[in-house]
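The structure appears right after this line, and notes come after that.
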Amino acid sequence: MQLVVARIGRAHGIKGEVTVEVRTDEPELRLGPGAVLETEPASAGPLTIETGRVHSGRLLLRFEGVKDRTGAEALRNILLIAEVDPTELPEEEDEYYDHQLMDLDVVLEDGTEIGRITEISHLPSQDLFIVERPDGTEVMIPFVEEIVAEIDLEEQRCVITPPPGLIDDRAEIASARDAEAGTDTDADAEAGAEEA
């Protein structure tokens with residue numbers, strides 16, 4: 001099975017290094033020297049990692065055969081793809097590969113069905129589950145401990161404890177009511193001013 005493990009960013013320096021946006025929790029395993037990675041688009045690869053280092057909090061890679069800035073710039077925005085055994089699990093107990101989470105049923109603690117995970121968006125601050133609801137609409141669920149209470153791969157379900165407003169429109173209704181109340185108050189104040 002193939003997993004996207006990084007996206008190549010801009011060139012760094014003049015010796016062929018590139019910055020990468022890491023998309024794996026195991027960069028030392030997937031992005032180490034000697035790793036051979038497929039690419040998207042496929043015509044750009046495969047690429048073999050020659051060296052890797054961290055500079056100012058960013059991972060920098062150099063690929064075999066890429067010796068200058070021009071070659072490095074030509075790789076920008078290419079996705080790096082690793083071949084992974086589908087039965088392989090991450091090293092940490094509470095970590096998951098995207099393919100393990102796709103299509104899980106999302107439910108509340110009381111069993112109420114919310115929908116099904118159709119996509120996982122990896123943002124700098126956190127990951128988001130894109131959940132398709134039974135009516136076809138989508139809702140985004142932050143993959144954080146405070147909201148995702150349990151991932152049960154055997155039962156193929158994800159139990160969540162969302163705050164008010166995350167999966168329903170209660171927060172919108174409350175804010176709309178407050179806005180209407182605020183408008184009435186402003187109108188009353190104007191009427192009072194005219195009477196005076």
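The Arg10 and Glu145 beta-carbon pair, evaluated with R₀ = 41 Å, returns a calculated FRET efficiency of approximately 0.80. Site pair Arg76 and Leu29 shows an inter-label distance of 3.3 nm when each label is modelled 7 Å from Cα along Cα→Cβ. About the centre of its Cα atoms, region 1-49 shows a dipole size close to 180 debye [charges on the beta carbon of Lys, Arg (+1) and Asp, Glu (-1) only; nearest 20 debye].
Sort Ser43, Ser121 from largest to smallest accessible area, using a 1.4 Å probe on the heavy atoms of the protein chains.
Output order, biggest surface exposure first: Ser43, Ser121.
For region 110-158, the set of GluC sites (Glu not before Pro) satisfying both a DSSP loop assignment and a count of at most 10 other C-beta atoms within 10 Å is given as Glu145, Glu146, Glu154. The magnitude of the dipole of region 1-143, with charges of +1 and -1 set on the Cβ of Lys/Arg and Asp/Glu and taken from the Cα centre, is near 1380 debye.
For region 36-149, taking Cα atoms only, Rg and Dmax work out to 18.5, 58 Å respectively. The 1.4 Å probe gives accessible areas that order Met140, Met102, largest first, as Met140, Met102.
The values are calculated or read from the model by the stated rules, or taken from the named source; none is laboratory data. Model, not experiment: these values are computed from the prediction. When we count neighbours, we look across all protein chains shown, and the Cβ atoms used for this are built from the backbone with ideal geometry, even at glycine. Protein only, heavy atoms only, side chains kept; ligands, DNA and RNA dropped before computing areas. Shrake-Rupley method; radii C 1.70, N 1.55, O 1.52, S 1.80 Å.
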